Amino acid sequence: MEEQAMLATPLAHAIGVWIGALLTLMIFSFLYKDNPFYKFAEHLFVGVSAAYWMTVAFWTTLIPNLFARLWPSSMGSVLPAVADNQREWQYAIPLALGLILLTRLVPRIAWFSRWAMAFVIGYAAGTNFTRYLQSDFVTQVQSTMVPLYEPQATTMATIGNIFSQIVVVGGVICAIIYFYFSKEHKGGFGRAARVGIWVLMAAFGASFGYTVMARISLLTGRMDFLYQWFTGANW
Amino acid sequence: MAEPEKKVTLIEKLGSMDRRIIFLLIGLAVLIPIIVKYSTSIPTSPLVQTLFDKVESLPPGSKVLLSFDYGPSTAPENQPMANAFARHSFEKGHRVYLMALWATGPRQSEQLIEEIISVEFPDKQYGEDWIHLGYKAGNQGLINTLLSDFTAMYTTDLDGTAIDEFPMMEGVESLRDFDLILGLGSGFPGTKEWVQFAGDPGDIPVGGGTTAVMAPLLFPYYPRQIVGFLGGLQGAAEYEYALVKQHPKFGERSRLASQSMGPQAAAHLVIIAFILVGNITYFVERARRRKY
């Protein structure tokens, strides 16, 4: 039996590699033109992804964080560690909200799901608002206005620092001016807005460059996988 | 009377090139360096070096949280980062806590366990030196909860063993008990959320690595809000360079990202060539239209 299991593992691995390689080729076939093989691989990917996320969320979140807290003794067969825990009734509230969310599946009482949705949106908005305000606004303003002169720095470092800070502060102000539409972009204000466009263009260029690198990295990963499959190195 | 046949110039041909030729050339630019095993070493930038120095300077036994917030689709970029962080952390004797904000993350951490921890660090004990906590739903809400009460969400490890049975979980009550959080992300939630919901409010050192697409979003956080980060494959290659330079024993084993930088360089050259060709044909066409 053990020998069989040992033989089955490499075989299962090889079959997995072959399926992966063929599905990759099916997806790549879209580069030539749309075709049924591509459609099949695409639909399979969507279906498997949805099922995977649902299953993982069920076993790693719903079971230990909800059911094991409401019915610990019943979950003992799945999670022996929680079998002797005390029941925590307060977790009935998220269970009720979760069930209410499912009323969307019944059109006659679908309006009921808005209660749970309102809770989700309210929590997310409240949490995100404070964190975004602190991390992406207040701290960013502080980070933009740093001292130009540092006593410990060398002369060259100080010159470089001053230049960098002027570029950063000037760039930020000009970019903001570009988005200020209550005054006509003419004269000195217009020229600052023009500089703002260049700053934005530089930012978009950097983003584009990184995006190209990301896509090529993923292509490299797939090509390497296909090459190993073709040569039999990863079977 | 039949119209005289218009002669198609080279510029017009280039301007209306079939996109499939471009795909083919990009494919070849990536494939050929893979076949000939062309790779490049990328010297470490300050952005990566500061993070490397942080991991290097932590005393042995420090608690490092490694969050796998990505899936197989971006593994070519993120997995070399995870490998490099794990190698470095174990080499320095840190305790490593694996978790995930993405449901697809645990599979990636299992790959790390199979290929790196089990093979290169077999003496490291589960529950004492490293632990696999798995995935929990909740995105930034999860981080928010972990910041105040870690065990409220993580009652067991991935295999269902009670969390308090592991020696390395002693003293871990919230995210504030960790010495460094390393978020490996490829979208939402990811490294950005670790900065916003853990690093800033908890004053916890946060670093990590992201796909190149996400990297520009993290630059504004450096250096005040993030220790340092690896931006895409290049960042991973830079970290590998620093790791091998400081710890030569890893040598050729730690070159997963560096090996992929060869195809990267070749593909970039082809793309730059096409950008130049596209611009030249545009300006020549425009000049011709103005003339007539």
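The values are calculated or read from the model by the stated rules, or taken from the named source; none is laboratory data. Predicted model only: the values in this text are computed from it and were never measured. Cβ coordinates were reconstructed from backbone atoms using ideal geometry, including for glycine residues, and neighbour counts include every protein chain displayed.
Remarks
- Residues considered: A:S49, A:S29. Of these, the only one that is within 21 Å of the chain's Cα centre (by Cα), hydroxyl-bearing (S, T, Y) and either within 14 Å of chain B (Cβ to nearest Cβ) or not in a helix (DSSP H, G or I) (or both) is A:S49.
- Among the residues of segment B:1-60, the ones that are under 26 Å from B:L233 (Cα atoms) and either more than 14 Å from chain A (Cβ to nearest Cβ) or part of a loop (DSSP other than H, G, I, E, B) (or both) come to 20 in all.
- Here B:S57, B:S109 are screened, and the one residue that is in the same structural domain as B:I163 (by TED's automatic domain parsing), within 14 Å of the chain's Cα centre (by Cα) and over 24 Å from B:Q264 (Cα atoms) is B:S109.
- Subset of segment A:62-97 [among the basic types (K, R) and under 30 Å from the mean Cα position of the chain (by Cα)]: A:R69
- Answer residue from segment A:71-105, given it is touching an Asp or Glu at 6+ places or on another chain (Cβ under 9 Å) and within 13 Å of chain B (Cβ to nearest Cβ) and is modelled with the highest pLDDT among those: A:P72
- Candidates B:Q259, B:Q264: the one that is touching a Lys or Arg at 6+ places or on another chain (Cβ under 9 Å) and either farther than 30 Å from A:M145 by Cβ or exposed (fewer than 15 other Cβ atoms within 10 Å of the Cβ) (or both) is B:Q259.
- Candidates in segment B:148-173 are the residues that are among the charged types (D, E, K, R), in a loop (DSSP other than H, G, I, E, B) and more than 19 Å from B:G61 (Cβ to Cβ); of these, the one that is modelled with the lowest pLDDT is B:D159.
- Selection count, segment B:187-218, where residues are within 9 Å of chain A (Cβ to nearest Cβ) and assigned to a loop (DSSP other than H, G, I, E, B): 4
- Just one of the listed residues (B:T40, B:T50) is among the hydroxyl-bearing types (S, T, Y) and over 18 Å from A:S217 (Cβ atoms), namely B:T50.
- Among the residues here, B:A103 qualifies as at pLDDT below 95, within 12 Å of chain A (Cβ to nearest Cβ), assigned to a loop (DSSP other than H, G, I, E, B) and surrounded by fewer than 24 Cβ atoms within 10 Å (Cβ to Cβ).
- Evaluated against (1) surrounded by 15 or more Cβ atoms within 10 Å (Cβ to Cβ); (2) under 30 Å from B:G278 (Cβ atoms), B:I21 falls short on exactly one condition, (1).
- B:L243 being within 29 Å of A:S217 (Cα to Cα), within 12 Å of chain A (Cβ to nearest Cβ) and either touching a residue at least 60 places away in the same chain (Cβ under 8 Å) or in a helix (DSSP H, G or I) (or both): no
- Meets criteria (of a type in the set (K, R), buried (at least 22 other Cβ atoms within 10 Å of the Cβ) and in contact with an Asp or Glu (Cβ under 9 Å, 6 or more places away or on another chain)) for B:R176: no
- Residue match in segment B:222-243 (condition: over 30 Å from B:K37 (Cα atoms), of a type outside the set (S, T, Y) and not assigned by TED's automatic domain parsing to the domain that holds B:A82): no
- Here B:I143, B:I131 are screened, and the one residue that is surrounded by 20 or more Cβ atoms within 10 Å (Cβ to Cβ), free of Cβ contacts under 8 Å to residues at least 60 places away in the same chain and either more than 12 Å from chain A (Cβ to nearest Cβ) or assigned to a loop (DSSP other than H, G, I, E, B) (or both) is B:I131.
- Qualifying residue in segment B:154-163 (condition: in the same structural domain as B:R224 (by TED's automatic domain parsing), touching a residue at least 40 places away in the same chain (Cβ under 8 Å), crowded, with 18+ Cβ neighbours inside 10 Å and within 23 Å of B:S254 (Cα to Cα)): no
- All told, B:P220 falls short of being surrounded by fewer than 24 Cβ atoms within 10 Å (Cβ to Cβ) and touching a residue at least 24 places away in the same chain (Cβ under 8 Å).
- With respect to the conditions (1) under 30 Å from B:D164 (Cβ atoms); (2) surrounded by fewer than 13 Cβ atoms within 10 Å (Cβ to Cβ), A:I63 falls short on a single one, namely (2).
- When segment B:24-40 is filtered for residues that are surrounded by 14 or more Cβ atoms within 10 Å (Cβ to Cβ), in contact (Cβ under 8 Å) with a residue 60 or more places away in the chain and not β-branched (V, I, T), the ones remaining, listed by number, are B:L25, B:A29, B:L31, B:P33, B:Y38, B:S39.
- Total residues in segment B:59-96, condition surrounded by fewer than 22 Cβ atoms within 10 Å (Cβ to Cβ) and touching a residue at least 60 places away in the same chain (Cβ under 8 Å): 5
- Residue check, A:A50 small (G, A, S) and surrounded by fewer than 12 Cβ atoms within 10 Å (Cβ to Cβ): yes
- Top-ranked residue in segment A:190-208 [being under 9 Å from A:I177 (Cβ atoms) and among the hydrophobic types (A, V, I, L, M, F, W, C); ranked as nearest to the other protein chains (Cβ to nearest Cβ)]: A:V195
- Lone unmet requirement of (1) aromatic (F, W, Y); (2) crowded, with 17+ Cβ neighbours inside 10 Å; (3) not in a helix (DSSP H, G or I) for A:Y180: (2)
- Among the residues of segment B:162-179, just one is away from every other protein chain (no Cβ under 14 Å) and β-branched (V, I, T), namely B:V172.
- Flag if B:G231 is more than 13 Å from every other protein chain (Cβ to nearest Cβ), within 18 Å of B:D53 (Cβ to Cβ), of a type in the set (G, A, S) and touching a residue at least 40 places away in the same chain (Cβ under 8 Å): no
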